[in-house]
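Notes follow the structure.
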Amino acid sequence: MGFFKRNKKENAEPVIDTAETAADEDANERKVTKEEFMAAAAENLIAATEEKPFDGDADTEEQPTESDDESDIATDEETAAEEDNNAAGPETDTGAEPDEETNEQSETEAEKPAEDESDQTESAAQEQEQEQEPTEKQTVIKLRDIKEYISKHKKGCGIAGISLGAVFCILLGIFIYGCMTVPTDRMGRNIYVENINISNMTFDEALETLENAELLTAQDITVTCNASSYNISGVDIGLAPRLEDTVDKAMRYGKTKYRLINGLANSLQIFFKHTVVPNANVDETVLREKLSDFGKQIYGELVEHQLDIADDVVICTPGHSGFDNNTDEAYEEVMNAINHDEKFKNIPVTLKLGAPYTLTVEDFDNYVYLDYVDAYYSLENNVITVVPEIYGRVINKEEAAELLTQLYEGGEVITIPYEHTYPQVTAEQLQSKLFNATIASYTTSYGTSSANRCANIANAASRINGKILLPGDVFSFNDAVGPRSVANGFYTAKEYVNGETVDGIGGGTCQVSSTLYNAVIYSDMSIVTRTNHMFPVGYCPLGQDATVADSGVDFKFVNSMDYPVKIAASTGGYRITVSIIGTQRDDPRTVRIQNTSSMDNSGGTRVRTTRYVYNSAGTLISSDQLPSSYYKPHPTEG
């Protein structure tokens, strides 16, 4: 079958054999594409040119003789007729009217000498060769016919060359135009973000346009791993566009450092649309949770070996393999696919199977070992409680190491023994010692005081009553009593201010602080800060008073005992008593105070106070110098 044939009436110009084409279309499912035709034509054109170069001179072109033409026509027609018969098969419509080419074939066959056995033999051999070696895919065009046609009609090749040259010039012109019109401060042609056209816009114009657009609203993500896929809703992971990054990416499209590449991209944008996929942000925590769910869907949940501490033994339950809970690599792969590969579907991610962690004896010891904890006192909101002791745990490492070899996936539950360590202080001991003794007590009298002063003393005493201090705690009188004000229930009474006796709110409070000071020094607790009155007072010895004021003068002491102490303060019968309640020392102590006084030339008195502490046997065990005092003359009641 030939695609081109000579026609005697048209001076042997190529015509399309429509009858053969129709038969071939019925016999073959696939037609030749434009690319296949051009490739075949080019191949045969090159081959023909190599055999005999075409010099373009029509006068010197070799003209085929009439006998050659007729012989070629006859051969082509016979071959075409046989192929048509083979293609049509037994169902060929015999009633169809013969066309002009069929008539020409009959005339040619009549004119052909019967004795030309060599031509028949050659034609039969060609047909047999074609039948024995069929092409891999039959097509409407036969390359042999194209080659024969090109070799006999070289003049047409010149026309094709001119056409190709024209096409090349057009493409070159488009390319040059593209190179000369690459925008610098605007978007290129045919630039879209999803379905939003931002062509030829500036950065700010494109940003404003996209701010009012809905991007990635219906975008989901599909990840794959180990032949499994998992869909992640964009809404669930907070998928949202990064607008500035997206506009920047669109602006940079077709603007590389290579001018030719930029020109090519700009040329293509004349005809083709470029869609920019928005850069995106996600909620990292939620995305990791989704990836973790996918990992568990693939591998199941990883269960580590379980250790349960019971009485005297640790129960060890084997775990099993599953997703290793590591989403770091998968998270980076998803974000890279979204923002660099512009890909949302079928994103390959790395999720791995993990086995239970193999416990070492050091791991086991760290889990089981526990230091014992002594019972202790806890104070919160001036309420004291006893926190129970905690027993410790230790293991025999050699025994544990041997038993741990039996703990593996698929194995049996095992038990590993441990030993207890015991605390030195128990809750029972602390409870029995809490506030079990009065360490010291001191009483002063205010029988000649006014009603307001008596009320102030009672008010201040009630405010320090019941205060508890843990060992090391510091007590502040001003903090405990608060400002001496009418709002706090204090009244106007006599008090010392700037060396004078005046009426002031809270007068008499200093007698409460002085009584407390004496209870503290006789309890053998440490003094932090103490100031004497400007004048001697009548309710306690010189050197044993403690004045206080809202202006900042305060009395402070620290609980230097081993157990909590509580202040007990009460008033009645014009007397105030302050006691320190605590824990009786193993060896009870006796405290004695010695005041040494001296008078100066101005009539003032200087007092040096020393504390001596004795044990139950009367042996002096300690002595310390308490804060000294200086008093001006003319004492009056404060």
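The values are calculated or read from the model by the stated rules, or taken from the named source; none is laboratory data. Everything numeric in this text was worked out from a predicted model, so none of it was measured. Every residue, glycine among them, receives a Cβ derived from its backbone with ideal geometry; neighbour counts consider all protein chains shown. Heads up: the accessible areas ignore ligands, DNA and RNA and are worked out on the full protein's heavy atoms, side chains in. Shrake-Rupley method; radii C 1.70, N 1.55, O 1.52, S 1.80 Å.
What is the distance, in nm, between label points placed 7 Å from the Cα along the Cα-to-Cβ direction at residue 208 and at residue 296?
Simple spin-label model gives 4.9 nm for this pair.
Would you list the P(r) distribution for segment 253-305, with all Cα-Cα distances sorted into 5 Å bins from 0 and each bin expressed as a whole %?
P(r) over segment 253-305, rounded to whole percents: 4, 14, 11, 11, 9, 7, 6, 9, 12, 7, 4, 3, 1.
Binning at 5 Å from 0, report for segment 351-426 what percent of all alpha-carbon pair distances ends up in each bin.
Cα pair-distance distribution for segment 351-426, in percent: 3, 13, 17, 15, 12, 11, 9, 8, 6, 4, 2, 0.
Amide H to amide H, which residues 5 or more places from residue 347 or on other chains are under 5 Å from it, using H placed in the peptide plane?
Amide H to amide H, under 5 Å and 5 or more residues apart or across chains, residue 347 pairs with 222, 223, 224.
According to a simple spin-label model (label point 7 Å from Cα along Cα-to-Cβ), what is the distance in nm between residue 575 and residue 443?
0.2
For segment 380-503, take the alpha-carbon Rg, divide it by the Kirkwood Rh, and send me Rg/Rh. Please list the in-between numbers first.
Values: Rg = 29.3 Å, Rh = 21.3 Å.
Radius of gyration relative to Kirkwood radius: 1.38.
What ratio of Cα Rg to 2.2 N^0.38 Å holds for segment 211-360? Let's see the in-between values first.
Working: Rg = 22.2 Å, N = 150, 2.2 N^0.38 = 14.8 Å.
Rg over 2.2 N^0.38 Å, computed on Cα atoms: 1.50.
Find out how many positive minus negative residues lie around residue 187, taking Lys and Arg as positive, Asp and Glu as negative, among other residues whose Cβ is under 14 Å from that of residue 187. Let's see the in-between values first.
Details: positive: 186, 189, 249, 252, 255, 273; negative: 185, 204, 205, 208, 248.
With Lys, Arg at +1 and Asp, Glu at -1, the net is +1.
So what are segment 509-608's ellipsoid semi-axes, whole angstrom, largest first, if each one is the square root of 5 times an eigenvalue of the alpha-carbon gyration tensor?
On the way: eigenvalues 130, 57, 37 Å².
Over the Cα atoms of segment 509-608, the semi-axes work out to 25, 17, 14 Å.
For residue 406, which sequence-distant residues (separation of 5 or more, or a different chain) have an amide H within less than 5 Å of its own amide H, given hydrogens modelled in the peptide plane?
Close amide H contacts, sequence-distant or interchain: none at all.
Could you derive backbone 3J(HN,Hα) for segment 200-212 from the dihedral phi with the Karplus parameters 6.51, -1.76 and 1.60 (θ = phi - 60°), listing whole Hz in sequence and x where the residue is Gly or Pro?
3J(HN,Hα) across segment 200-212, in whole Hz: 6, 8, 6, 4, 5, 5, 5, 5, 5, 5, 6, 5, 9.
Under a Cβ-Cβ cut-off of 14 Å, what is the net charge of the residues other than residue 427 that fall near it, where Lys and Arg count +1 and Asp and Glu count -1?
Values: positive: 433; negative: 374, 389, 428.
Around residue 427, the surrounding residues sum to -2.
Limiting things to C-alpha atoms, what are the Rg and the maximum Cα-Cα separation (Dmax) for segment 470-510, in angstroms?
Values for segment 470-510 (Cα only, Rg and Dmax): 13.0, 39 Å.
Provide the gained length on full extension for the span residue 321 to residue 284, in nm with one decimal, where the gain is 0.36 nm per separating residue minus the Cα-Cα distance.
Numbers: separation 37, 0.36 × 37 = 13.32 nm, distance 2.59 nm.
So the extension gain works out to 10.7 nm.
Once you wrap a convex hull around the alpha carbon atoms of segment 348-395, what is its projected area averaged over all directions, in nm²?
Values: hull surface 30.4 nm².
Mean orientational projected area (segment 348-395, Cα hull): 7.6 nm².
How do 391, 630 stack up against each other in accessible area, from largest to smallest, with a 1.4 angstrom probe? Write down the numbers at each step before the final one.
Numbers: 391 105, 630 75 Å².
Ranked list, largest accessible area first: 391, 630.
I'd like the accessible area for residue 274, computed on protein heavy atoms only with a 1.4 Å probe and all protein chains in place. Round to 10 Å², please.
Rounded to the nearest 10, that gives 50 Å².
With each pseudo-label sitting 7 Å past Cα toward Cβ, what's the residue 632-residue 467 distance in nm, one decimal?
So the two model labels end up 2.8 nm from each other.
For segment 425-497, which semi-axes, largest first and in whole Å, follow from the square roots of 5 times the eigenvalues of its Cα gyration tensor? Please list the in-between numbers first.
Details: eigenvalues 221, 46, 21 Å².
Its equivalent ellipsoid spans semi-axes of 33, 15, 10 Å.
Determine the alpha carbon to alpha carbon distance for each of 249/345; 255/343; 249/273; 467/556; 433/556 and list only those over 19 Å. Walk me through the numbers on the way to the answer.
Numbers: 249/345 21 Å; 255/343 22 Å; 249/273 16 Å; 467/556 13 Å; 433/556 25 Å.
Where the Cα-Cα span goes over 19 Å, the pairs concerned are 249/345; 255/343; 433/556.
Divide, for segment 264-337, the radius of gyration over alpha carbons by 2.2 N^0.38 Å, where N is the residue count. If you can, show how the numbers build up before the last one.
Details: Rg = 23.2 Å, N = 74, 2.2 N^0.38 = 11.3 Å.
Expressed relative to 2.2 N^0.38 Å, the Cα Rg reads 2.05.
Using a 1.4 angstrom probe and counting only protein chains, how large is the accessible area of residue 168 in Å², to 10?
Looks like 130 Å² after rounding.
For residue 239, what accessible surface area do you get with a 1.4 Å probe? Give it in Å², rounded to 10.
Estimated to the nearest 10 Å², residue 239 gives 20 Å².
What length, rounded to one decimal in nm, is gained on full extension from residue 176 through to residue 485, with 0.36 nm per residue of separation minus their alpha-carbon distance? Mind dumping the intermediate values first?
Details: separation 309, 0.36 × 309 = 111.24 nm, distance 9.42 nm.
Extending this stretch completely gives an extra 101.8 nm.
I need the calculated FRET efficiency for the pair residue 380 and residue 601, taking r as the beta carbon distance and R₀ as 60 Å, to the nearest 0.05.
On the way: r = 55 Å, r/R0 = 0.92.
Approximately 0.65, to the nearest 0.05.
Sketch the reach of a paramagnetic label on residue 474 as a point 7 Å from Cα along Cα-to-Cβ, and name the residues of segment 508-527 whose backbone nitrogen lies under 17 Å away.
525-527
Note the full-extension length gain between residue 398 and residue 273 as 0.36 nm times their separation in residues minus their Cα-Cα distance, in nm to one decimal.
Length gained, residue 398 through residue 273: 37.6 nm.
Provide, in order from the shortest bin, the percent of all Cα-Cα pairs of segment 425-580 in each 5 Å bin, continuing until the bin that contains the maximum pair distance.
1, 10, 19, 23, 20, 13, 7, 4, 2, 1, 0, 0
Going by the alpha-carbon gyration tensor, a ≥ b ≥ c the square roots of its eigenvalues, is segment 173-249 rounded (a/c under 1.5) or, if a/c is not under 1.5, prolate (a/b greater than b/c) versus oblate?
On the way: a/c = 3.62, a/b = 1.84, b/c = 1.97.
Oblate, because a/c is 1.5 or more while a/b does not exceed b/c.
Can you give me the C-alpha center-to-center distance between segment 252-279 and segment 190-212, rounded to a whole angstrom?
15
Once you treat every alpha carbon in segment 550-638 as an equal point and sum by Debye, what is log10 I(q)/I(0) at q = 0.19, 0.20, 0.23 Å⁻¹?
Values, matching the q order: -1.21, -1.24, -1.26.
Compute the FRET efficiency between residue 252 and residue 622 as 1/(1 + (r/R0)^6), taking r as their Cβ-Cβ distance and R0 = 56 Å, and round to the nearest 0.05.
Details: r = 84 Å, r/R0 = 1.50.
About 0.10, to the nearest 0.05.
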